[in-house]
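Student: Provided herewith is a single structure, encoded as structure tokens, for subsequent inquiry.
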Amino acid sequence: MPLNPKKTPMPSQDPKERIHNFNEVARGYTREMALAEAERCLQCKKSPCRQGCPVEVDIPAFIARLKEQDFDGAINKIKEKNNLPAICGRVCPQESQCEKYCTLAKKHEPVGIGRLERYLADYQLAKGEPSGMEKAPASGFKVAVIGSGPAGLTAAADLARMGHQVTVLEALHVPGGVLMYGIPEFRLPKKIVQQEIDTIRRLGVEIRTNAVVGKLTTVDELLENGYDAVFIGTGAGLPHFMGIPGENLLGVYSANEFLTRTNLMKAYLFPRYATPIKVGRRVAVIGAGNVAMDAARTALRLGAEESYIVYRRSAAEMPARKEEIEHAEEEGVQFHLLTSPVKFYGDDRGVVTGMTCQRFELGEPDASGRRRPVPIPGSEYEMPIDTVVIAIGQGPNPLVLQTTPGLELTRKGTIAADEATGATSRKGVFAGGDIVTGAATVILAMGAGKAAARAIDKYLREK
Amino acid sequence: MYRIVKKEVMSPVIKLMEVEAPAVAAKARAGQFIILRLDEEGERIPLTIADFNRSRGTITTIFQEVGYTTQRLGALEAGDGLADFVGPLGQPSEIENYGRVICVGGGVGVAPVYPIARALKEAGNEVISIIGARTKELLIWEDKMRAVSDELLVATDDGSYGHHGFVTDLLKQVLEEKGNVARVWGIGPVVMMRAVAETTRPFGVPTIVSMNPIMVDGTGMCGACRVSVGGETKFACVDGPEFDGHQVDWQLALRRMNMYKDEEQRILAAHEGGDCKCH
């Protein structure tokens, strides 16, 4: 059979339809599609794809099993390394990880590794059978994991598999962190997240919700009360604002609030769900990362007639994944590039009605290697808008950090932790994910959780 | 589930609920708040802690039925459960021996003033308390406040009990007559707290108010609870809820409180008469 140079396309909802609902955009491969895509894998000896996976999945091995139609064998191969495959298959930036290194990618499109992972994970979840995740004999050690986002869940699952007794402390009322409050339903259905978390619970991991560490208890109290080690994976939960006039007008949201109301609190089902959200006719999202794309696409689904991405650099510098930008474009999100607000203004009730923007041009590269946006004097103009979402990034939430004496921080306010082990300046305290790196991706946080679990295991057994 | 162990109807629209939450009770301090959620479809609402009992493992809150969620909460009885109950959130009050202090509570705001007055009294302060309500039947916790105060003054807007007028009339009197007041706490509706701050301003007495804006997570994650204090944006949930009343932007606070008034009408209409019309 000649090699198909292109990936098997992902069936997805028509953009015209999907902007009116919160159902998942990408519908997932059928069995035939998955098998056809698996055939494209060359099973090359070097398997360079593996170096691109932060959680070390044996990619050629799982695809080989899939080719043989050993679906259970294939998913269990993935689960040897990855506890959250249905999530990773949906939100990992495969194009800059495994698929980037795929041998096929030199001449053609790479194998759709992420799509295959998702297919297999969904196959197992649909079967409703617990996965074949193995567990080591009980070690007698107890570990507390703070935060139940991607880093915490991965660390918890791996530690449980290593035989440790794990308790996860989550501040919100459901576990999942950014997977629940941040990433929209149409990209990552919340039912899938909860099913994956249930799998982790079945490993014996106890998850305590409504447990705000820094308030209800502290890292030191956990260590005093029987926990042998603590992993901090509290994420990047502090929204950045721009610090320009008018930012507190009604209708100006942080992306965190906008997405949390919609995803976690299900404001899109108001008034059946009691949490409201206000979305006007024209919505401007400031920023061009994945969170900004999520917000702009969410705004359309909440009834906005026009949804804008407003970004001070050019298209080439947009930090969002290409796929997310394409989805936003397909759905009619308008891109206002090389421009940024300098001021918001409102009516006599304090409701935002517009913003004064300034145009930018690109100058010399800055510290991030991207060309620096330079404001053009006298280029100010007004843009009428009804709702603003500020999506210019998040910082580390300080609740745990402020209440943990002796925990060394970086200049950015993140936890100073060893990259390979997650070890912090405090003995027995490890950290990983966005609380260490600053806002990054789900899979990098999972990689950090995995590395920390290994280091914690070593620490406990040598204790 | 967090069980309601006691309910008290203090007036047709003011209810007290004591909720079993031992871990929260173990850590709660005066000035802090909790967030609760009734059920799966519920919103997260913040309520200031009115009392805590570490040995019983309970937190007491007092609330006025002002909208959909507080009305549903008010309809629950002892023995019922709440889906979620998170806390203690926010910074505790700064309790020291300041000397002579005044604690002013208006309406249901008397409830959160109580643990502060008690803590101030225990710290050795001379506590003068001023409590008030629109009318006598809306006045709460007079006895409890008297028990933790050196002096208690009462006002009702309609004159049905105590001084005929506002708590700020009494506050002004005390400031004029007594002098030497080190600090004032004022908790109640936004307009009342603003009035307290304006009353103390000419006397130059530091005045603490407790902001209760709309919140979602209550842990500094969303910024819904932004307040402007001295020209700086603060998050009431983690930086507060107590702030310097002389520095608070009251107009902004009032506007942000009322942000979802239309939606409040919509949800009440949708669920009218206990019949939900939105399922």
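The values are calculated or read from the model by the stated rules, or taken from the named source; none is laboratory data. What you see is a predicted model; the values in this text were computed from it and never measured. Glycine also receives a Cβ, built like all others from the backbone with ideal geometry; neighbour counts cover every protein chain displayed.
Student: Within the range B:76-126, how many residues turn out to be in a loop (DSSP other than H, G, I, E, B) and among the hydrophobic types (A, V, I, L, M, F, W, C)?
Tutor: Going through the range B:76-126, the residues in a loop (DSSP other than H, G, I, E, B) turn out to be B:76-80, B:83, B:90-99, B:123-125.
This time we only want the ones that are among the hydrophobic types (A, V, I, L, M, F, W, C), so: B:76, B:78, B:83, B:95, B:123.
Qualifying residue count, the range B:76-126: 5.
Student: Where residues in the range A:21-58 are polar (S, T, N, Q) and assigned to a loop (DSSP other than H, G, I, E, B), which of them is modelled with the lowest pLDDT?
Tutor: Among those that are polar (S, T, N, Q) and assigned to a loop (DSSP other than H, G, I, E, B), it is A:Ser47.
Student: Counting only residues that are within 23 Å of the chain's Cα centre (by Cα) and of a type in the set (Ser, Thr, Tyr), which one in the range A:259-274 is farthest from the other protein chains (Cβ to nearest Cβ)?
Tutor: Filtering first and then ranking leaves A:Tyr268.
Student: Which residue, of B:Val227, B:Val216, is more than 20 Å from B:Asp169 (Cβ to Cβ), in a loop (DSSP other than H, G, I, E, B) and within 14 Å of another protein chain (Cβ to nearest Cβ)?
Tutor: Working: B:Val227 fails: in a loop (DSSP other than H, G, I, E, B).
Answer to the check: B:Val216.
Student: Within the range B:177-214, which residues are under 30 Å from A:Gly147 (Cβ atoms), among the aliphatic types (A, V, I, L, M) and crowded, with 24+ Cβ neighbours inside 10 Å?
Tutor: Answer for the range B:177-214, where residues must be under 30 Å from A:Gly147 (Cβ atoms), among the aliphatic types (A, V, I, L, M) and crowded, with 24+ Cβ neighbours inside 10 Å: just B:Met211.
Student: Further question: Among the helices (runs of 4 or more DSSP H) contained in the range A:171-238, which hold 3 or more residues that are closer than 21 Å to A:Val400 by Cα?
Tutor: On the way: elements: A:178-181, A:190-201, A:219-224.
It comes to A:178-181, A:219-224.
Student: Let me ask something additional. Working only within the range B:53-70, note down all residues that are in contact with an Asp or Glu (Cβ under 9 Å, 6 or more places away or on another chain), at negative phi and free of Cβ contacts under 8 Å to residues at least 60 places away in the same chain.
Tutor: Once the filter is applied, which keeps residues that are in contact with an Asp or Glu (Cβ under 9 Å, 6 or more places away or on another chain), at negative phi and free of Cβ contacts under 8 Å to residues at least 60 places away in the same chain, the range B:53-70 yields B:Asn53, B:Arg56, B:Thr58, B:Ile59, B:Thr60, B:Thr61, B:Val66, B:Thr69.
Student: Sticking with this one: Against the definition (without any contact (Cβ under 8 Å) to a residue 24 or more places away in the chain and out of contact with any His (no Cβ under 6 Å at 6 or more places or on another chain)), how does A:Gly243 come out, yes or no?
Tutor: Working: without any contact (Cβ under 8 Å) to a residue 24 or more places away in the chain: yes; out of contact with any His (no Cβ under 6 Å at 6 or more places or on another chain): yes.
Taking the combined requirement at face value, the residue satisfies it.
Student: Identify the residue in the range A:228-245 that is more than 8 Å from chain B (Cβ to nearest Cβ) and buried (at least 20 other Cβ atoms within 10 Å of the Cβ) and, among all such residues, is farthest from A:Gly149 (Cα to Cα).
Tutor: A:Ala229
Student: Restricting the search to the range A:156-180, which residues are surrounded by 24 or more Cβ atoms within 10 Å (Cβ to Cβ), more than 13 Å from A:Val205 (Cα to Cα) and free of Cβ contacts under 8 Å to residues at least 40 places away in the same chain?
Tutor: A:Gly176
Student: Given the criterion over 25 Å from A:Pro189 (Cα atoms) and among the small types (Gly, Ala, Ser), identify the matching residue among A:Ala328, A:Ala316, A:Ala295.
Tutor: A:Ala316
Student: Give just the number: which of (1) away from chain A (no Cβ under 14 Å); (2) in a loop (DSSP other than H, G, I, E, B) does B:Trp185 not satisfy?
Tutor: For B:Trp185, the exception is condition (2).
Student: Which residues, taken from the range A:36-57, are over 22 Å from the mean Cα position of the chain (by Cα) and either of a type in the set (Lys, Arg) or surrounded by fewer than 18 Cβ atoms within 10 Å (Cβ to Cβ) (or both)? Steps first, answer last, please.
Tutor: Our first condition is that a residue be over 22 Å from the mean Cα position of the chain (by Cα); within the range A:36-57, this holds for A:36-48.
Across the range A:36-57, the qualifying residues are A:Ala36, A:Glu39, A:Arg40, A:Leu42, A:Gln43, A:Cys44, A:Lys45, A:Lys46, A:Pro48.
Student: How many residues does the range A:246-258 contain that are more than 24 Å from A:Ala439 (Cα to Cα) and either more than 9 Å from every other protein chain (Cβ to nearest Cβ) or among the aliphatic types (A, V, I, L, M) (or both)?
Tutor: 3
Student: Which is out of contact with any strand residue (DSSP E or B) (no Cβ under 9 Å at 6 or more places or on another chain), closer than 27 Å to A:Pro245 by Cβ and without any contact (Cβ under 8 Å) to a residue 40 or more places away in the chain, of B:Gly223, B:Gly231?
Tutor: Answer to the selection: B:Gly231.
Student: Then there is this: Of all residues in the range A:122-155 being assigned to a helix (DSSP H, G or I), hydrophobic (A, V, I, L, M, F, W, C) and touching a residue at least 60 places away in the same chain (Cβ under 8 Å), which is farthest from A:Leu216 (Cα to Cα)?
Tutor: Filtering the range A:122-155 down to residues assigned to a helix (DSSP H, G or I) leaves A:122-127, A:150-155.
When the remaining residues are screened for being hydrophobic (A, V, I, L, M, F, W, C), the result is A:125-126, A:151, A:153, A:155.
Those still in the list that are touching a residue at least 60 places away in the same chain (Cβ under 8 Å) too: A:125, A:151, A:153, A:155.
Working: A:Leu125: 34, A:Ala151: 21, A:Leu153: 20, A:Ala155: 22 Å.
So, considering only residues that are assigned to a helix (DSSP H, G or I), hydrophobic (A, V, I, L, M, F, W, C) and touching a residue at least 60 places away in the same chain (Cβ under 8 Å), the one farthest from A:Leu216 (Cα to Cα) is A:Leu125.
Student: Oh, and also: Exactly one of (1) under 20 Å from the mean Cα position of the chain (by Cα); (2) within 13 Å of chain A (Cβ to nearest Cβ); (3) more than 21 Å from B:Val86 (Cβ to Cβ) is unmet by B:Gln265. Its number?
Tutor: Failed condition: (1).
Student: So, one more: Can you tell me how many residues in the range B:130-166 are more than 22 Å from B:Lys15 (Cα to Cα) and not in a loop (DSSP other than H, G, I, E, B)?
Tutor: Number satisfying all stated conditions: 5.
Student: In this structure, does B:Val205 turn out to be at pLDDT 95 or above and part of a loop (DSSP other than H, G, I, E, B)?
Tutor: Working: at pLDDT 95 or above: yes; part of a loop (DSSP other than H, G, I, E, B): yes.
Yes: the conditions hold for B:Val205.
Student: Does any residue of the range A:325-332 turn out to be away from chain B (no Cβ under 14 Å), of a type in the set (A, V, I, L, M), closer than 22 Å to B:Glu263 by Cβ and in contact (Cβ under 8 Å) with a residue 12 or more places away in the chain?
Tutor: no
Student: Can you pull out the residues in the range A:437-462 that are touching a residue at least 40 places away in the same chain (Cβ under 8 Å) and of a type in the set (Val, Ile, Thr)?
Tutor: Those that are touching a residue at least 40 places away in the same chain (Cβ under 8 Å) and of a type in the set (Val, Ile, Thr): A:Thr441, A:Val442, A:Ile443, A:Ile456.
Student: State the number of residues belonging to the range B:1-51 that are modelled with pLDDT of 95 or more, outside any loop (DSSP other than H, G, I, E, B), out of contact with any Gly (no Cβ under 7 Å at 6 or more places or on another chain) and of a type in the set (Gly, Ala, Ser).
Tutor: So the count comes out to 2.
Student: Here is a check on your reading of the model: is A:Val213 among the β-branched types (Val, Ile, Thr) and more than 21 Å from A:Gly182 (Cβ to Cβ)?
Tutor: It is false that A:Val213 is among the β-branched types (Val, Ile, Thr) and more than 21 Å from A:Gly182 (Cβ to Cβ).
Student: Let me ask something else about it. Given (1) crowded, with 22+ Cβ neighbours inside 10 Å; (2) more than 11 Å from chain B (Cβ to nearest Cβ); (3) within 22 Å of the chain's Cα centre (by Cα); (4) not small (Gly, Ala, Ser), where does A:Val279 come up short, assuming only one miss?
Tutor: In the conditions (1) crowded, with 22+ Cβ neighbours inside 10 Å; (2) more than 11 Å from chain B (Cβ to nearest Cβ); (3) within 22 Å of the chain's Cα centre (by Cα); (4) not small (Gly, Ala, Ser), A:Val279 misses (3) alone.
Student: Using the structure shown, decide if B:Ala270 is within 12 Å of another protein chain (Cβ to nearest Cβ) and over 18 Å from the mean Cα position of the chain (by Cα).
Tutor: Numbers: within 12 Å of another protein chain (Cβ to nearest Cβ): yes; over 18 Å from the mean Cα position of the chain (by Cα): yes.
Answer is yes for this residue.
Student: What is the residue count in the range B:58-80 for residues that are within 13 Å of another protein chain (Cβ to nearest Cβ) and over 19 Å from B:Arg266 (Cα atoms)?
Tutor: Going through the range B:58-80 one residue at a time, the tally reaches 1.
Student: Looking at this structure, is B:Ala253 part of a loop (DSSP other than H, G, I, E, B), among the small types (Gly, Ala, Ser), on the phi < 0 side of the Ramachandran plot and within 14 Å of chain A (Cβ to nearest Cβ)?
Tutor: For B:Ala253, the condition - part of a loop (DSSP other than H, G, I, E, B), among the small types (Gly, Ala, Ser), on the phi < 0 side of the Ramachandran plot and within 14 Å of chain A (Cβ to nearest Cβ) - is not met.
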